[in-house]
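Have a look at the structure below before the remarks.
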Amino acid sequence: MTQLEELAEELDAELETNDLDSGSWPRGGLRRPIWQHNGTADVSVVIQWERARLLATGSNEWPYVAVRLPADTADEERRRQISEAMRPVRAQLKGSSGRTFPFWRYVQSPPGASLDPSALVLQVLASFRELWDLAAPALDRLHHG
């Protein structure tokens, strides 16, 4: 997560991590202090993966970059606002959306290429930065009115 710590400093953002050492869904990401709703910092741009399936064949084997809202966020209007703010980002980066993730996209090795973990890490970081560069201004506008 050193690269994310460096990015946090460069982008004047807060580092957010969860379950990195032992959880089923490790996550690391960034958020700005102004991205709050009712006094809670609830949205962030993250890298996440499913530990048990990472790089295994089948489903959900790839890490993904996402804009994340906590699954327990009950405010449907807030979900709608964030999802709407991410619409152009989804279109430009060819991402998907769901209840917890107003934007998400797998980061995969090129089809047919042999897996190079170091290259995949660099690809994940590049995808994260690409998402941040598009999502952060949209989220800033949403929180500044």
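What are the equivalent ellipsoid semi-axes of segment 4-53, built from the alpha-carbon gyration tensor (square roots of five times its eigenvalues), in whole angstrom, biggest first?
22, 14, 7
List, largest first, the extents of the alpha carbons of the chain along their principal axes, each in whole Å.
46, 30, 29
Taking the Cα centre of segment 40-143 as the origin and placing charges on Cβ (Lys, Arg +1; Asp, Glu -1), which of Pro88, Ala135, Leu120 is farthest toward the positive end of the dipole?
Looking along the dipole axis, the top candidate is Pro88.
Determine the per residue accessible area of the chain with all protein chains present and a 1.4 angstrom probe, expressed in square angstrom.
With all protein chains present, the chain gives 54 Å² per residue.
Treating the beta-carbon of each Lys and Arg as +1 and of each Asp and Glu as -1, no other charges, what is the dipole magnitude of the chain about its Cα centre, to the nearest 20 debye?
Its charge dipole is roughly 640 debye.
What GluC sites (Glu not before Pro) does segment 1-73 have in DSSP loop regions with at most 15 other beta carbons within 10 Å?
Glu61
Counting only protein heavy atoms, what percent of the accessible surface of the chain is carbon or sulfur at a 1.4 Å probe?
In the chain, the share of accessible area belonging to carbon and sulfur is 49 percent.
Could you work out [θ]222 nm for the chain from helices alone, using -39500 (n - 2.57) per DSSP H run of at least four and dividing by all its residues? Round to the nearest 500 deg cm²/dmol.
Mean residue ellipticity, 222 nm, calculated: -13000 deg cm²/dmol.
I need the calculated FRET efficiency for the pair Gln108 and Arg79, taking r as the beta carbon distance and R₀ as 22 Å, to the nearest 0.05.
Given R0 = 22 Å and the Cβ-Cβ separation, E is 0.20.
Rounded to the nearest 10 degrees, what's the angle between the helix 117-144 long axis and the longest principal axis of the chain, both from Cα atoms, 0 to 90?
10
Going by amide H atoms built from the backbone, whose H comes under 5 Å of the H on Glu16, apart from near neighbours?
Under 5 Å from the amide H of Glu16 lie the amide H atoms of Gly29, Leu30, Arg31, each far enough along the sequence or on another chain.
The values are calculated or read from the model by the stated rules, or taken from the named source; none is laboratory data. Worth saying up front: this structure is predicted, and the values here are computed from it rather than measured. Positions of Cβ are backbone-derived with ideal geometry, glycine not excepted, and every protein chain shown enters the neighbour counts. Calculation scope for accessible area: heavy atoms of the full protein, side chains included, ligands and nucleic acids excluded. Shrake-Rupley method; radii C 1.70, N 1.55, O 1.52, S 1.80 Å.
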